Every structure is written in structure tokens, then in C-alpha cells.
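Here the structure is laid out as C-alpha cells; the discussion comes afterwards.
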Amino acid sequence: MSRNVMIRTKNISFSYTEYENNQELDSDDMELVKAAREASLKAYAPYSKFKVGAAVRLKSGKVVCGANIENAAFPSGICAERSALSNSISNHPEDEPVAIAISAMTEDGITDASPSPCGNCRQVIAEEEQRTGNKIRIILSGKNKTLIIEGIGDLLPLQFNRNNLKINPL
């Protein structure tokens, strides 16, 4: 017995703006990139030597920062993005994040490549977008090139969120 099965293939597109020269960034974005770079100097990364800083701009204009913190028990650390967002949510729960800049450095200085958030950080950004109902502009800044993504949906399509937790009776 043969079953007639329909299979569909769909593509997910990824949109971002690329700046080949960081001097082309507008002043608000450049301020956030500078804050993220300064935050990376405060990172505690004795094992990987990969220091990451993140700066979150809140709706009020206030900027809060975070840095990655490593631990010998590797799962016990925290990424810069989650550190910065935790800072904003804990200390300014009524003031929504509107943008986050991320910068990374090694012992040789700021990385050439624009750093991208890990899966855990993408999920936290997605949850914060869902909590506030607003997209968070994501600014990934390398030494000379910066990528700007207008919301986490481009970095985390088909995301798992609170809607997936709703239980429907059989």
C-alpha cells in the first residue's frame, strides 16, 4: 500500500547590514560598540583567553554592560550577552533593551571577525524580545567590520519559546 506524501522544502533567509568601516556607524551604534569593547577588557577568561564584552542600550538611553566569566567547571561560566541582559533585567526591569553590541578580543587585540552569540545567548535574546514585545537590534563588531541584525529572528529562526510550552489536550 502506497501513501501519497507531500514534502515541502522552504528556505530561511538571513538579513543583516554590513559595515566595512566602523567609522560609518551612526553615533549611537558606535557608542554601544565602544562600551562593548571596554566591557571585554573586564572579562575573566583565563582558560580560553577569548574575552567578550556586551553593551545593552535601554529604551531610556541608559547603557548597561556585561563580560564573559569563565570557570574551571566550564558549564558554570556566563557569556557576555547573558551577563549584560541579566544586568539590564535585574536592575532596570521596566526599561526595555533596544540594542545589544558584542565585541571580542584575544591576546592579540580585537578580533577581526564579528563575534556571533552562542545558542544559549540567542535563546535569551529571543526570550527578552518576546517578554517586551520589541525587537532587539544586534550589533556584532569585529576589528574593522560590523554586522547589524534587526532582531533575533534572523539569527534564531524557528525558535522555541513560551508558546511551545502550552499544553494542548489530546
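Results, tabulated for the structure shown:
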| quantity | calculated |
| --- | --- |
| Loop-located GluC sites (Glu not before Pro) in the stretch 93-170, at most 15 other Cβ atoms within 10 Å (DSSP) | 94, 107, 150 |
| The chain, relative contact order in percent, only Cα pairs under 8 angstrom and at least six apart counted | 22 |
| Environment charge of residue 122, counting only residues whose C-beta is closer than 12 Å and scoring Lys/Arg +1, Asp/Glu -1 | -4 |
| Gyration tensor (alpha-carbon) shape descriptor, the stretch 67-169, a/c threshold 1.5 | prolate |
| Spatially proximal lysines relative to residue 59 (Cα-Cα < 17 Å; intrachain offsets below 8 disregarded) | 135 |
| Net dipole in debye of the chain [+1 Lys, Arg Cβ; -1 Asp, Glu Cβ; about Cα centre; nearest 20] | 760 |
| Taking the stretch 24-77 and dividing mean pair separation by its residue count, relative contact order in percent (alpha carbons under 8 Å, at least six apart) | 31 |
| For the stretch 87-146 and the stretch 37-86, distance of Cα centres in Å | 10 |
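Throughout, read-outs are computed from the coordinates displayed, never taken from laboratory work. None of the values given here were measured: they were computed from a predicted structure. Cβ atoms come from the backbone with ideal geometry, glycine included; neighbour counts cover every protein chain shown.
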